[in-house]
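To start, the structure itself, in C-alpha coordinates.
The values are calculated or read from the model by the stated rules, or taken from the named source; none is laboratory data. These numbers come from a predicted model, not from an experiment. All Cβ positions, even for glycine, are placed from backbone atoms using ideal geometry, and neighbour counts span all protein chains on display. These accessible areas exclude ligands, DNA and RNA; they are computed on the full protein's heavy atoms, side chains included. Shrake-Rupley method; radii C 1.70, N 1.55, O 1.52, S 1.80 Å.
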Amino acid sequence: MTKPTAFLAALLLACSSPRGAEPPRTPAPSTTPTSKPTEVTRIDAELTVRRIAEDAYVVTHEPFHASNVLVVRMPDGAVVICSSPFETEATRALVRWVKSTFSPTRILAINTHFHLDGSGGNEAYRELGVETWGTALTRKLVVERGERLRAGAADDFTGERRARILATKILPAEHTFPAGSEHTIRFGDAEVRVIDPGAAHAPDNLLVFFPAQRVLFGGCMIKGSRTVGYVGDADLAHWEAAVEVARRTSPRAVVPGHGAPAGPELFDLTVDVVRAARAGAR
(Lines give C-alpha, C1' and ligand atoms only; values in the text may rest on other atoms or scores of the structure.)
Protein backbone atom coordinates (compact mmCIF):
# COMPACT_ATOMS: atom_id res chain seq x y z
CA MET A 1 0.00 0.00 0.00
CA THR A 2 1.36 3.38 -0.99
CA LYS A 3 1.42 5.90 1.84
CA PRO A 4 0.09 9.47 1.58
CA THR A 5 2.38 12.12 0.11
CA ALA A 6 5.46 13.02 2.11
CA PHE A 7 3.92 16.37 2.97
CA LEU A 8 0.82 14.81 4.42
CA ALA A 9 2.82 12.16 6.17
CA ALA A 10 4.78 14.88 7.87
CA LEU A 11 1.64 16.67 8.97
CA LEU A 12 -0.10 13.43 9.82
CA LEU A 13 -2.95 13.35 8.67
CA ALA A 14 -30.05 21.04 10.38
CA CYS A 15 -32.93 19.82 8.57
CA SER A 16 -35.40 18.10 10.80
CA SER A 17 -36.03 14.48 11.61
CA PRO A 18 -38.79 12.47 13.29
CA ARG A 19 -39.02 12.57 17.03
CA GLY A 20 -39.74 9.65 19.31
CA ALA A 21 -38.32 6.29 20.25
CA GLU A 22 -36.16 4.52 17.70
CA PRO A 23 -37.06 1.17 16.13
CA PRO A 24 -34.90 -1.84 17.04
CA ARG A 25 -31.62 -1.89 15.15
CA THR A 26 -30.67 -4.85 12.99
CA PRO A 27 -27.12 -6.06 12.32
CA ALA A 28 -25.27 -4.66 9.32
CA PRO A 29 -25.20 -7.26 6.55
CA SER A 30 -22.20 -8.05 4.40
CA THR A 31 -24.16 -7.90 1.15
CA THR A 32 -22.32 -6.07 -1.63
CA PRO A 33 -24.16 -2.84 -2.59
CA THR A 34 -26.18 -2.69 -5.77
CA SER A 35 -24.39 -1.82 -8.99
CA LYS A 36 -27.26 0.44 -10.07
CA PRO A 37 -26.36 4.11 -9.36
CA THR A 38 -29.86 5.17 -8.25
CA GLU A 39 -31.05 2.10 -6.37
CA VAL A 40 -31.13 2.44 -2.60
CA THR A 41 -30.57 -0.62 -0.41
CA ARG A 42 -30.67 -0.99 3.34
CA ILE A 43 -27.71 -1.72 5.60
CA ASP A 44 -29.83 -1.86 8.74
CA ALA A 45 -32.90 -0.18 10.26
CA GLU A 46 -31.26 3.26 10.09
CA LEU A 47 -28.58 3.23 7.38
CA THR A 48 -29.20 3.06 3.64
CA VAL A 49 -26.66 2.91 0.81
CA ARG A 50 -26.64 3.76 -2.89
CA ARG A 51 -23.88 3.49 -5.46
CA ILE A 52 -23.23 6.77 -7.31
CA ALA A 53 -20.06 5.95 -9.25
CA GLU A 54 -17.47 3.20 -9.58
CA ASP A 55 -16.46 2.19 -6.04
CA ALA A 56 -18.30 5.23 -4.58
CA TYR A 57 -21.29 4.87 -2.25
CA VAL A 58 -23.47 7.30 -0.32
CA VAL A 59 -24.61 6.03 3.08
CA THR A 60 -27.48 7.95 4.69
CA HIS A 61 -28.22 7.95 8.41
CA GLU A 62 -31.97 8.38 8.05
CA PRO A 63 -33.43 9.07 11.53
CA PHE A 64 -30.73 11.61 12.44
CA HIS A 65 -31.44 14.39 9.91
CA ALA A 66 -30.83 12.03 6.96
CA SER A 67 -27.11 12.82 7.16
CA ASN A 68 -24.99 11.65 4.21
CA VAL A 69 -21.60 9.93 4.36
CA LEU A 70 -19.50 9.16 1.28
CA VAL A 71 -17.61 5.86 1.20
CA VAL A 72 -15.04 5.30 -1.58
CA ARG A 73 -12.93 2.20 -2.17
CA MET A 74 -9.48 3.09 -3.51
CA PRO A 75 -7.44 1.00 -5.99
CA ASP A 76 -4.99 -0.17 -3.34
CA GLY A 77 -7.76 -1.63 -1.17
CA ALA A 78 -8.07 1.28 1.25
CA VAL A 79 -11.44 2.89 1.98
CA VAL A 80 -11.99 6.61 2.51
CA ILE A 81 -15.00 7.77 4.53
CA CYS A 82 -16.08 11.41 4.26
CA SER A 83 -17.86 12.65 7.39
CA SER A 84 -19.69 10.28 9.75
CA PRO A 85 -23.11 9.25 10.96
CA PHE A 86 -24.53 11.46 13.69
CA GLU A 87 -23.46 9.39 16.71
CA THR A 88 -21.40 6.45 17.88
CA GLU A 89 -23.81 3.52 17.51
CA ALA A 90 -24.63 4.14 13.84
CA THR A 91 -20.95 4.78 13.09
CA ARG A 92 -20.09 1.36 14.49
CA ALA A 93 -22.67 -0.14 12.14
CA LEU A 94 -21.19 1.78 9.21
CA VAL A 95 -17.65 0.58 9.92
CA ARG A 96 -18.83 -3.02 10.34
CA TRP A 97 -20.50 -2.78 6.94
CA VAL A 98 -17.37 -1.30 5.33
CA LYS A 99 -15.20 -4.07 6.75
CA SER A 100 -17.54 -6.92 5.83
CA THR A 101 -18.29 -5.56 2.35
CA PHE A 102 -14.86 -4.37 1.19
CA SER A 103 -12.28 -6.13 3.43
CA PRO A 104 -10.23 -2.93 3.33
CA THR A 105 -6.49 -2.78 3.83
CA ARG A 106 -6.94 0.52 5.62
CA ILE A 107 -9.83 2.85 6.53
CA LEU A 108 -9.38 6.61 6.69
CA ALA A 109 -12.18 8.95 7.84
CA ILE A 110 -12.14 12.67 7.14
CA ASN A 111 -13.96 15.00 9.54
CA THR A 112 -15.60 17.47 7.16
CA HIS A 113 -16.58 19.94 9.92
CA PHE A 114 -17.02 20.02 13.68
CA HIS A 115 -20.78 19.40 13.86
CA LEU A 116 -21.96 15.91 14.78
CA ASP A 117 -22.72 15.05 11.15
CA GLY A 118 -19.09 15.80 10.35
CA SER A 119 -17.21 14.38 13.34
CA GLY A 120 -19.74 12.69 15.66
CA GLY A 121 -18.49 9.21 14.75
CA ASN A 122 -14.94 9.66 16.01
CA GLU A 123 -15.48 7.55 19.11
CA ALA A 124 -16.47 4.54 16.99
CA TYR A 125 -13.80 5.26 14.39
CA ARG A 126 -11.08 5.17 17.04
CA GLU A 127 -12.26 2.01 18.76
CA LEU A 128 -12.54 0.18 15.42
CA GLY A 129 -9.11 1.16 14.11
CA VAL A 130 -10.16 3.83 11.61
CA GLU A 131 -7.69 6.68 11.04
CA THR A 132 -9.35 10.04 11.69
CA TRP A 133 -8.23 13.22 9.95
CA GLY A 134 -9.34 16.84 10.07
CA THR A 135 -8.03 20.35 10.05
CA ALA A 136 -6.45 21.94 13.09
CA LEU A 137 -9.45 24.30 13.16
CA THR A 138 -11.93 21.42 13.27
CA ARG A 139 -9.98 19.84 16.08
CA LYS A 140 -10.01 23.11 18.02
CA LEU A 141 -13.76 23.57 17.54
CA VAL A 142 -14.54 19.99 18.57
CA VAL A 143 -12.50 20.41 21.75
CA GLU A 144 -13.89 23.83 22.62
CA ARG A 145 -17.51 23.49 21.53
CA GLY A 146 -18.24 19.80 21.02
CA GLU A 147 -19.88 19.09 24.38
CA ARG A 148 -22.19 22.10 24.11
CA LEU A 149 -23.02 21.25 20.51
CA ARG A 150 -23.92 17.68 21.50
CA ALA A 151 -26.33 18.93 24.18
CA GLY A 152 -28.03 21.21 21.67
CA ALA A 153 -28.27 18.47 19.06
CA ALA A 154 -29.84 16.10 21.59
CA ASP A 155 -32.67 18.59 22.13
CA ASP A 156 -33.96 17.79 18.63
CA PHE A 157 -34.75 14.23 19.73
CA THR A 158 -36.53 12.30 22.44
CA GLY A 159 -36.26 8.87 23.98
CA GLU A 160 -33.64 6.42 22.77
CA ARG A 161 -32.26 8.67 20.06
CA ARG A 162 -31.68 11.53 22.48
CA ALA A 163 -29.94 9.12 24.87
CA ARG A 164 -27.66 7.88 22.09
CA ILE A 165 -26.52 11.39 21.24
CA LEU A 166 -25.83 12.22 24.87
CA ALA A 167 -23.89 8.95 25.25
CA THR A 168 -21.65 9.77 22.28
CA LYS A 169 -18.14 10.66 23.40
CA ILE A 170 -16.88 13.85 21.76
CA LEU A 171 -13.39 13.29 20.37
CA PRO A 172 -11.31 15.26 17.85
CA ALA A 173 -9.56 13.66 14.90
CA GLU A 174 -6.28 11.98 15.78
CA HIS A 175 -4.40 13.48 12.82
CA THR A 176 -4.57 17.07 11.64
CA PHE A 177 -3.42 19.27 8.79
CA PRO A 178 -3.53 23.08 8.59
CA ALA A 179 -6.75 24.82 7.61
CA GLY A 180 -6.86 27.19 4.67
CA SER A 181 -5.15 25.04 2.07
CA GLU A 182 -5.54 21.96 -0.13
CA HIS A 183 -4.03 18.55 0.54
CA THR A 184 -3.62 15.52 -1.68
CA ILE A 185 -3.65 12.00 -0.28
CA ARG A 186 -2.40 9.28 -2.63
CA PHE A 187 -3.49 5.67 -2.71
CA GLY A 188 -1.39 3.93 -5.34
CA ASP A 189 -1.98 5.78 -8.58
CA ALA A 190 -5.20 7.38 -7.30
CA GLU A 191 -5.53 10.53 -5.27
CA VAL A 192 -8.00 12.30 -3.01
CA ARG A 193 -8.08 16.09 -2.82
CA VAL A 194 -9.10 17.62 0.51
CA ILE A 195 -10.02 21.26 -0.07
CA ASP A 196 -10.68 24.06 2.40
CA PRO A 197 -13.02 26.49 0.56
CA GLY A 198 -13.33 28.92 3.45
CA ALA A 199 -16.23 29.51 5.79
CA ALA A 200 -19.75 28.67 4.60
CA HIS A 201 -22.12 26.39 6.54
CA ALA A 202 -19.41 26.29 9.22
CA PRO A 203 -16.05 28.02 9.63
CA ASP A 204 -14.18 24.75 9.05
CA ASN A 205 -16.19 22.95 6.35
CA LEU A 206 -14.16 20.86 3.91
CA LEU A 207 -14.70 19.53 0.41
CA VAL A 208 -13.40 16.09 -0.57
CA PHE A 209 -12.91 15.39 -4.28
CA PHE A 210 -12.19 12.04 -5.95
CA PRO A 211 -10.81 12.89 -9.42
CA ALA A 212 -10.95 9.34 -10.82
CA GLN A 213 -14.70 9.15 -10.28
CA ARG A 214 -15.25 12.92 -10.49
CA VAL A 215 -17.24 12.70 -7.26
CA LEU A 216 -17.32 15.64 -4.84
CA PHE A 217 -18.41 15.36 -1.22
CA GLY A 218 -19.73 18.84 -0.51
CA GLY A 219 -21.09 18.10 2.93
CA CYS A 220 -23.40 20.55 4.63
CA MET A 221 -22.15 23.57 2.68
CA ILE A 222 -23.86 22.13 -0.42
CA LYS A 223 -27.64 22.03 -0.24
CA GLY A 224 -29.78 19.17 -1.50
CA SER A 225 -33.05 21.10 -1.10
CA ARG A 226 -34.29 24.67 -0.75
CA THR A 227 -33.92 24.53 3.03
CA VAL A 228 -30.82 26.32 4.34
CA GLY A 229 -30.78 24.29 7.56
CA TYR A 230 -28.77 25.26 10.62
CA VAL A 231 -26.92 28.56 10.18
CA GLY A 232 -25.79 29.21 13.74
CA ASP A 233 -22.15 28.83 12.68
CA ALA A 234 -22.55 29.96 9.08
CA ASP A 235 -20.81 32.73 7.17
CA LEU A 236 -23.57 33.83 4.80
CA ALA A 237 -21.36 36.52 3.27
CA HIS A 238 -18.60 34.13 2.19
CA TRP A 239 -20.71 31.07 1.43
CA GLU A 240 -21.13 31.85 -2.29
CA ALA A 241 -17.37 32.17 -2.73
CA ALA A 242 -16.94 28.76 -1.11
CA VAL A 243 -19.45 27.28 -3.57
CA GLU A 244 -17.36 28.64 -6.47
CA VAL A 245 -14.35 26.76 -5.10
CA ALA A 246 -16.45 23.60 -5.19
CA ARG A 247 -17.65 24.34 -8.71
CA ARG A 248 -14.08 24.57 -10.00
CA THR A 249 -13.52 20.86 -9.28
CA SER A 250 -15.88 20.12 -12.22
CA PRO A 251 -17.48 17.07 -10.62
CA ARG A 252 -19.88 14.68 -12.31
CA ALA A 253 -21.60 13.74 -9.04
CA VAL A 254 -22.10 15.98 -5.99
CA VAL A 255 -23.01 14.70 -2.53
CA PRO A 256 -24.71 17.23 -0.22
CA GLY A 257 -24.70 16.85 3.53
CA HIS A 258 -28.43 16.10 3.46
CA GLY A 259 -30.64 15.14 0.55
CA ALA A 260 -30.14 13.09 -2.60
CA PRO A 261 -26.84 13.12 -4.48
CA ALA A 262 -27.09 14.91 -7.81
CA GLY A 263 -24.86 16.82 -10.23
CA PRO A 264 -23.35 20.32 -10.50
CA GLU A 265 -26.84 21.81 -10.49
CA LEU A 266 -26.61 21.64 -6.70
CA PHE A 267 -24.13 24.53 -6.83
CA ASP A 268 -26.71 26.89 -8.32
CA LEU A 269 -29.34 25.58 -5.90
CA THR A 270 -27.02 26.29 -2.98
CA VAL A 271 -26.30 29.82 -4.18
CA ASP A 272 -30.05 30.50 -4.48
CA VAL A 273 -30.71 29.14 -0.99
CA VAL A 274 -27.86 31.14 0.56
CA ARG A 275 -28.95 34.37 -1.16
CA ALA A 276 -32.48 33.89 0.16
CA ALA A 277 -31.14 33.24 3.66
CA ARG A 278 -28.94 36.32 3.46
CA ALA A 279 -31.86 38.47 2.29
CA GLY A 280 -33.99 37.15 5.12
CA ALA A 281 -31.32 38.01 7.66
CA ARG A 282 -31.24 41.69 6.70
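Some notes on this structure:
- Largest accessible area first, the residues Thr101, Thr158 order themselves as Thr158, Thr101 under a 1.4 Å probe with ligands, DNA and RNA left out.
- Computed accessible area, Glu191, all protein chains, 1.4 angstrom probe, square angstrom: 60
- Antiparallel %, DSSP beta bridges [both residues in the chain], to 5: 70
- Counting only DSSP beta bridges whose two residues both lie in the range 43-159, roughly 65 percent are antiparallel.
- Accessible surface of Ser225 - all protein chains present, 1.4 Å probe, nearest 10 Å²: 60
- For the range 140-232, accessible area per residue (1.4 Å probe, heavy atoms of protein chains only), Å²: 40
- Over the chain - Rg/Rh using Cα atoms and the Kirkwood inverse-distance radius: 0.93
- Within the range 141-206: Cβ-based charge dipole about Cα centre, in debye rounded to nearest 20 (Lys, Arg +1; Asp, Glu -1): 320
- Packing-based ranking of 82-89, 248-255 yields 82-89, 248-255, ordered from highest to lowest mean Cβ neighbour count within 10 Å.
- Relative packing of peptides 122-132, 260-270 - highest average C-beta neighbours within 10 Å first: 122-132, 260-270
- For the range 100-217, the alpha carbon positions stretch 47, 36, 23 Å along the principal axes, listed from largest to smallest.
- Stretch gain in nm, segment Ala237-Val271, where the contour uses 0.36 nm per residue and the Cα spacing is subtracted: 11.1 nm
- Neighbour-limited loop hits for trypsin sites (Lys or Arg not before Pro), the range 67-108 (at most 10 other Cβ within 10 Å; DSSP other than H, G, I, E, B): none
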